[in-house]
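The values are calculated or read from the model by the stated rules, or taken from the named source; none is laboratory data. Source: prediction; values computed, not measured. All Cβ positions, glycine included, derive from the backbone under ideal geometry; neighbour counts span all protein chains shown. Side chains are part of the model used for accessible areas, which takes the heavy atoms of the whole protein and leaves out ligands, DNA and RNA. Shrake-Rupley method; radii C 1.70, N 1.55, O 1.52, S 1.80 Å.
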Amino acid sequence: MNILVNENKLEFHLYNNNISYIFKVLEDGTLGHLYFGKKLKHRDSYEHIIQTTLAEVPVTPNCLENKRGFCKDILPQEYPSYGNGDYREPAVVILQENGSRITNFIYDSYEIIDGKDKLLNLPNTYVENRDEAKTLKIYLKDEIINSTLTLSYTIFKNYDVISRNAHIKNNSDNKIVLERFLSASIDFKEPEFQIVHLSGAWARERHIEITDINQNKFVIDSKRGTSSVNSNPFIALKRKETTEISGEVYGFNLIYSGNHIEVVEKNHYNKLRVSVGINPFNFQWTLLKDEEFQSPEVIMAYSSSGLNGLSLNYHRLYRERLARGVWKDKARPILLNNWEATYFDFNEEKILDIALKAKELGVELFVLDDGWFGARNHDKAGLGDWWSNLEKIPSGVEGLSEKVENMGIKFGLWFEPEMVNKDSNLYKNHPNWILQVPKRSNTPSRNQHTLDLGRKDVREYLYEKISKILKNSKISYIKWDMNRPMTEVWSEVLDSQNQGEVFHRYILGLYELLEKLTEEFPEILFESCASGGNRFDAGMLYYMPQAWTSDDTDAVERIKIQYGSSLCYPISSMGAHVSAVPNHQTNRITSIKTRGNVAFFGAFGYELDLNKITDSEKEIVKKQIEFFKANRELIQYGDFYRLVSPFENKLNDAAWMVVNKNKTEAIIAKYKILSIPNSGYESLKIDGLSDDKLYSIESLQIQGKTYYGDELKNSGLIFKEPSFNDLGNIQLEGELDSLVGDFKSCLIKLKAVEEQK
């Protein structure tokens, strides 16, 4: 890992063992992009890999007065400005007092530092030792508006990613207004890519979509005030021939939880530009003299080993250098959440009864969800009144948490601090605290409204109420929910010219509140939630190492949701529960085995009343819990490989695997969605193991007892027909299932063994 500079050419080369990133200062003083991809040898000049002068291009401005063919509309750039002959998407647009939006940031100097600086008030990746990374800072100036732009690039020793962010400072006496200030822009010379992105809606989040790139623009964005279930802030560019295990692919992920935009643009010269950052929609940020603005961080990853190789880059980085605190490296507890077991219909006796049965079966943490506070007997009232409802819980949360802990099980609690019902004491006392526009009606969603977290008094109220409960109760876990997108985005505390700051100020206020609470209560495991996956993003993972992946707990739907989420996010971040059947979202009935076999691959838990399942199902739950406790470190810290895609496979199959770092132990999960008659036998090829190691197979349904890793990769595992009646090494003794049916699954445990001589 190093950053080398060709001083005479002002060329900058960031590299580690696997990747290189190269750019230079162009003749006009702006920055030109040269290369991002597989590691290149360093040399004294890279002028031969960029063509800065062409024959005159018709109807395209020349950007140097006395030199034809220097055309910004064709040149690959690093951080393009608006108005100088480049008609593609700019990275920065600044409104000045004279009404102009023309800027021209010219190279001034650079600085190289060991390690990586922390971003002010924003989530970011980090280093634990300065020798883990190097950071290059490029300082550019626009003399006309007297402003300094700083572009930061970090190369890590152990992760094949480039971290980028942008910072601007206004040094002049005149105000400037940022209308667009992205985190990164990068140009590719080759146009032949496909876009991979994660799309969806509530209950079917982060489905994989692959789109060919045609001339013009492809835009992914959110205007909802959250990163959204519809368009996650992750995209990838892959070659058409790229698969899960081979071929080139580039990834871009914004570490941010609010409005975002990702633009892939192919212009009429077949030049490709990727732009990533805060969504400029309804965004304006005023900077007075000496004021500054910091963009969020974007993580740009590269893999020559296919989509799974790209995913491993993100998984390892986010597990090890984005998640923080005690729970980054601590095994997560198996929990039971009461929401789908009771909804609002519970009392203290019922809660204790559910918690006791959970304890008896091996659950480690009981979570009390919505309905414990204020006048909260339905979703129309009480939200915002963060004190115990003593009619439902006479002991209060303080006493209830102690009773649960005395059973030998930990206690967790649900909050939705960012929202309020109009039927609440909080709203009656502070009706001006919500996002709303004077004289206009408010748009409710789930009978609630959004508090203005950009206001200091709102944050102070929430901190006081939440911290009081946490200090006075025995709480080990918090589920932090947020159940609606934003509307009427206007703030009473900002002037008219600053209303374009409300969205971002909200997110900054949220981050400030989370930082304060997680610092004060470091032993508490925080899990984020937003109507399920409405804010499932890297920004939240900085404060909470796991997130509720989706409100959809149906095992079949979860296969797609968790598979798609794994393109960027580690399975340790995915809350995954076994719920009751018929499923409350799809009305589908699946076996408790298949529900467990899906939920194992995440932050595992249950969401049902274990008193209401059959005795045989209780025995299965015990075995599931024993299995997960024995394997959770492998699942939480292992490498995740996607083997068969539920989005592509015509046989209704899906499969994945988790393997430990030294490749001596692995768990494979294979899922059959719909039964196919007379299907014969199937073969599953398994990538991710060591070619030379010999593995034993712990499953009754596999033909053969041991395989070498290269056999599993190239020839595959053979499954007898029919095969999906097996729960692998957690099958109950003497238990027989129907040999035919839908929604079947099996687990296969692999262990490396010594070869017999």
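Below is a table of values for the structure above.
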{"read-out": "Residue within the stretch 473-488 that is hydroxyl-bearing (Ser, Thr, Tyr), out of contact with any Asp or Glu (no Cβ under 9 Å at 6 or more places or on another chain) and either open to solvent by 40 Å² or more (accessible area, probe 1.4 Å) or over 30 Å from Ala201 (Cβ atoms) (or both) present", "value": "yes"}
{"read-out": "Residues of the stretch 568-580 satisfying the condition of being touching a His at 6+ places or on another chain (Cβ under 9 Å) and in a loop (DSSP other than H, G, I, E, B)", "value": "Cys568, Tyr569, Pro570"}
{"read-out": "Number of the exception - Gly532 against (1) at pLDDT below 95; (2) closer than 19 Å to Tyr637 by Cβ", "value": "(2)"}
{"read-out": "Condition broken by Trp656, with the remaining ones in (1) modelled with pLDDT of 90 or more; (2) in a loop (DSSP other than H, G, I, E, B); (3) touching a Ser or Thr at 6+ places or on another chain (Cβ under 8 Å) satisfied", "value": "(2)"}
{"read-out": "Boolean, Ile49 is crowded, with 19+ Cβ neighbours inside 10 Å and touching a residue at least 12 places away in the same chain (Cβ under 8 Å)", "value": "no"}
{"read-out": "Thr450 open to solvent by less than 10 Å² (accessible area, probe 1.4 Å) and either within 26 Å of Phe536 (Cα to Cα) or touching a residue at least 60 places away in the same chain (Cβ under 8 Å) (or both)", "value": "yes"}
{"read-out": "Single residue of the stretch 629-651 satisfying the filter (touching a residue at least 12 places away in the same chain (Cβ under 8 Å) and open to solvent by 50 Å² or more (accessible area, probe 1.4 Å)) that is farthest from Leu317 (Cα to Cα)", "value": "Leu651"}
{"read-out": "Which listed residue is under 29 Å from Val621 (Cβ atoms) and surrounded by fewer than 16 Cβ atoms within 10 Å (Cβ to Cβ), from Ser441, Ser395, Ser401", "value": "Ser395"}
{"read-out": "Residue match in the stretch 714-726 (condition: more than 29 Å from Arg588 (Cβ to Cβ), open to solvent by 10 Å² or more (accessible area, probe 1.4 Å) and at pLDDT below 90)", "value": "yes"}
{"read-out": "Test: residue in the stretch 17-24 that is open to solvent by less than 40 Å² (accessible area, probe 1.4 Å) and over 19 Å from Phe188 (Cβ atoms)", "value": "no"}
{"read-out": "Selected residue [over 30 Å from the mean Cα position of the chain (by Cα) and buried (at least 18 other Cβ atoms within 10 Å of the Cβ)] from Ala341, Ala375, Ala323, Ala355", "value": "Ala355"}
{"read-out": "Residues being hydrophobic (A, V, I, L, M, F, W, C), assigned to a loop (DSSP other than H, G, I, E, B) and closer than 22 Å to Asp369 by Cα - total across the stretch 581-618", "value": "4"}
{"read-out": "Some residue of the stretch 507-529 being open to solvent by less than 10 Å² (accessible area, probe 1.4 Å), assigned to a strand (DSSP E or B) and among the acidic types (Asp, Glu)", "value": "yes"}
{"read-out": "Exclusive hit being at pLDDT 95 or above and open to solvent by 20 Å² or more (accessible area, probe 1.4 Å), set Glu698, Glu665", "value": "Glu665"}
{"read-out": "Residue match in the stretch 148-169 (condition: open to solvent by 30 Å² or more (accessible area, probe 1.4 Å), among the hydrophobic types (A, V, I, L, M, F, W, C) and either touching a residue at least 24 places away in the same chain (Cβ under 8 Å) or not in a strand (DSSP E or B) (or both))", "value": "no"}
{"read-out": "Residue selected from the stretch 568-593 under the condition within 30 Å of Tyr250 (Cα to Cα) and of a type in the set (S, T, N, Q), by the criterion nearest to the chain's Cα centre (by Cα)", "value": "Ser573"}
{"read-out": "Meets criteria (within 21 Å of Tyr269 (Cβ to Cβ), among the basic types (Lys, Arg) and at pLDDT 90 or above) for Arg88", "value": "yes"}
{"read-out": "Enumeration of residues in the stretch 314-334 that are over 19 Å from Tyr256 (Cβ atoms), among the aliphatic types (A, V, I, L, M) and outside any loop (DSSP other than H, G, I, E, B)", "value": "Val326"}
{"read-out": "Test: residue in the stretch 349-356 that is assigned to a helix (DSSP H, G or I) and either among the basic types (Lys, Arg) or touching a strand residue (DSSP E or B) at 6+ places or on another chain (Cβ under 6 Å) (or both)", "value": "yes"}
{"read-out": "Residues satisfying the stated conditions in the stretch 225-252, i.e. surrounded by fewer than 22 Cβ atoms within 10 Å (Cβ to Cβ), closer than 30 Å to Asp551 by Cβ and within 19 Å of the chain's Cα centre (by Cα)", "value": "Asn230"}
{"read-out": "Test for Leu120: is it open to solvent by 10 Å² or more (accessible area, probe 1.4 Å), more than 29 Å from Asn18 (Cβ to Cβ) and among the hydrophobic types (A, V, I, L, M, F, W, C)", "value": "yes"}
{"read-out": "Leu75 being in contact (Cβ under 8 Å) with a residue 24 or more places away in the chain, part of a loop (DSSP other than H, G, I, E, B), under 19 Å from Ile22 (Cβ atoms) and open to solvent by less than 20 Å² (accessible area, probe 1.4 Å)", "value": "yes"}
{"read-out": "Those residues of the stretch 543-557 which are open to solvent by less than 10 Å² (accessible area, probe 1.4 Å) and touching a Lys or Arg at 6+ places or on another chain (Cβ under 9 Å), in sequence order", "value": "Gln546, Ala547, Trp548, Thr549, Ser550, Asp552, Thr553, Asp554, Ala555"}
{"read-out": "Search result, residues across the stretch 674-695 that are open to solvent by less than 50 Å² (accessible area, probe 1.4 Å), in contact with a strand residue (DSSP E or B) (Cβ under 7 Å, 6 or more places away or on another chain) and in a loop (DSSP other than H, G, I, E, B)", "value": "Ile686, Asp687, Gly688, Leu689"}
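Residue-wise test of (1) free of Cβ contacts under 8 Å to residues at least 60 places away in the same chain; (2) of a type in the set (Phe, Trp, Tyr); (3) in contact with a strand residue (DSSP E or B) (Cβ under 7 Å, 6 or more places away or on another chain); (4) under 19 Å from Ser228 (Cβ atoms).
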position: His504; (1), (2), (3), (4): no, no, yes, yes
position: Leu517; (1), (2), (3), (4): yes, no, no, no
position: Ile524; (1), (2), (3), (4): yes, no, yes, no
position: Thr553; (1), (2), (3), (4): no, no, yes, no
position: Gln562; (1), (2), (3), (4): yes, no, yes, yes
position: Met574; (1), (2), (3), (4): yes, no, yes, yes
position: Gly602; (1), (2), (3), (4): yes, no, yes, no
